[in-house]
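One structure below.
Each reported figure results from applying straightforward, stated rules to the coordinates on display, with no laboratory input. Everything numeric here is computed off the predicted structure, so don't read it as measured data. All Cβ positions, even for glycine, are placed from backbone atoms using ideal geometry, and neighbour counts span all protein chains on display.
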Amino acid sequence: MRKFIFTMATLFLAAGISCQQAAGQQLTLKKQFIEQQVKDAITQYKVLQKQVPDGKFPRTYTAATDVIEGAGSNSWISGFYPGTLLYLYEFSQDKSLLVEAQKKLDLLEKEKNNKGTHDLGFMLYCSFGNAYRLTGDERYKNILLTGAGSLITRYNPTVGCIKSWDHNGDKWKFPVIIDNMMNLEYLEWASKVSGDKKYKDIASTHANTTLKNHFRPDYSSYHVIDYDPETGNVLHKQTHQGAADTSAWARGQAWGLYGFTMMYRLTKDKVYLDQAGHIAEFILHNPNLPADKIPFWDFDAPGIPNTYRDASSGAIIASALLELSQYVDASKSTTYLGAAETMIKSLSAAPYKATIGSNGGFILQHSVGHLPGNSEIDVPLSYADYYYVEALTRYQRMLEGKNIIL
Ligand code: GLY
């Protein structure tokens with residue numbers, strides 16, 4: 001058997017096929033292809049940088065008026081623009097990207113004291129988390145630890161979750177959305193750095209409660225679970241951004257896949273790996289997943305195939321599948337890696353990838369923010385760009401035989 005593996009590896013190398021020896025994975029996208037995508041992304045972000053409104057964070061772009069829509073630092077999307085700049089800086093060592101990211105980090109810092117949202121993982125960890133990793137600046141570490149303290153004020157031990165939203169108080173008492181899984185990497189980091197295990201205990205409990213209540217028998221997830229904060233009982237299972245309470249909102253499935261994959265990495269609890277695998281199977285075997293593997297905005301959206309795609313879901317799923325492909329057996333690994341490669345290839349071409357100089361400088365087109373709210377339909381979105389660039393970064397590291405987790 002060892003001789004067989006050795007022979008296969010030699011054959012791949014002889015044929016000039018890239019392969020990542022550690023996981024035995026055969027990579028089909030070439031280094032030059034990935035590098036070109038990153039180069040294009042940098043060119044685009046320099047276009048975007050010139051148009052971002054002062055004191056704001058780019059959210060989307062309206063082609064009809066040629067206007068970049070900005071958001072304040074308290075928006076859930078504020079961390080993605082500096083985060084993307086930091087990934088691009090890491091790739092290129094182009095200092096101007098770091099300088100622009102730092103300008104936005106200064107604006108963002110005050111959100112470390114924001115106790116009114118669960119989105120601090122997106123806002124602070126995607127931004128300051130990458131900044132700390134790349135610069136080692138202790139100031140960033142302290143901002144992150146203060147923010148983690150703010151985030152856990154929203155934790156209710158009776159429910160076993162962090163409360164997501166304070167809005168719609170007449171409708172929900174203690175809403176928890178599947179997106180909230182994305183905070184858990186931040187909390188795990190906070191325990192590791194501070195030595196205080198309270199953050200990681202909250203992360204595990206939140207993940208376990210989500211696993212128990214958010215999923216249907218087919219492993220698709222509800223968007224919103226509303227809890228009774230006094231008893232912890234589930235009051236409602238609903239949607240906010242999806243097509244229906246019973247539907248599979250695409251980005252929700254993406255957050256769940258990414259969240260449970262990451263929780264397996266950080267805890268080595270096999271239950272999370274199994275859950276991530278089930279979610280991946282739901283997505284990849286879904287009859288409504290198109291051949292280019294970029295989902296419609298909801299897997300059960302009315303009018304499929306005559307409705308909108310969501311490139312942001314494709315980007316998040318691609319990044320998550322690259323990671324998951326490293327934790328599973330060879331056959332699943334090939335499936336997950338192949339699907340991620342298809343997604344990256346699709347996103348790196350028309351109609352998703354914008355032509356250079358267009359799209360206000362955003363990299364990707366065709367995402368959906370909140371269709372039922374009639375907001376951000378078929379537009380560029382900063383988080384689509386962030387997870388796309390993250391997927392490119394992860395893939396590049398696989399090509400280099402490095403650990404893909406940064
Ligand atoms: N976390 C909000 C969204 O995914 O739209």
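Over what distance in Å are the Cα centres of segment 199-224 and segment 351-406 separated?
26
Show me 383-394, 323-334 ranked by packing, highest mean number of other Cβ atoms within 10 Å first. Please report the intermediate quantities before stating the final value.
Values: 383-394: 27.0, 323-334: 17.1.
Peptide ranking by packing, descending: 383-394, 323-334.
For the chain, what are the DSSP H helices with axial Cα length of 24 Å or more and mean Kyte-Doolittle hydropathy of at least -0.5? Provide the component values of the computation, followed by the final result.
Details: long enough: 31-51 (31 Å, -0.94); 250-267 (26 Å, -0.04); 330-347 (25 Å, 0.11); 382-399 (26 Å, -0.57).
Helix filter hits for the chain: 250-267, 330-347.
Roughly how far apart, in whole Å, are the Cα centres of segment 60-104 and segment 299-340?
About 25 Å separates the Cα centre of segment 60-104 from the one of segment 299-340.
Tell me whether segment 64-165 comes out rounded, prolate or oblate; compute the Cα gyration tensor, take square roots of the eigenvalues as a ≥ b ≥ c, and use a/c under 1.5 as the rounded threshold.
Taking the square roots of the gyration eigenvalues as a ≥ b ≥ c, segment 64-165 is oblate.
Once every DSSP H run of n ≥ 4 in the chain is given -39500 (n - 2.57) and the sum is divided by its residues, what mean residue ellipticity at 222 nm do you get, rounded to the nearest 500 deg cm²/dmol?
It comes out at -15500 deg cm²/dmol, rounded to the nearest 500.
Over all directions, what mean area does the Cα convex hull of the chain project, stated in square nanometres?
19.7
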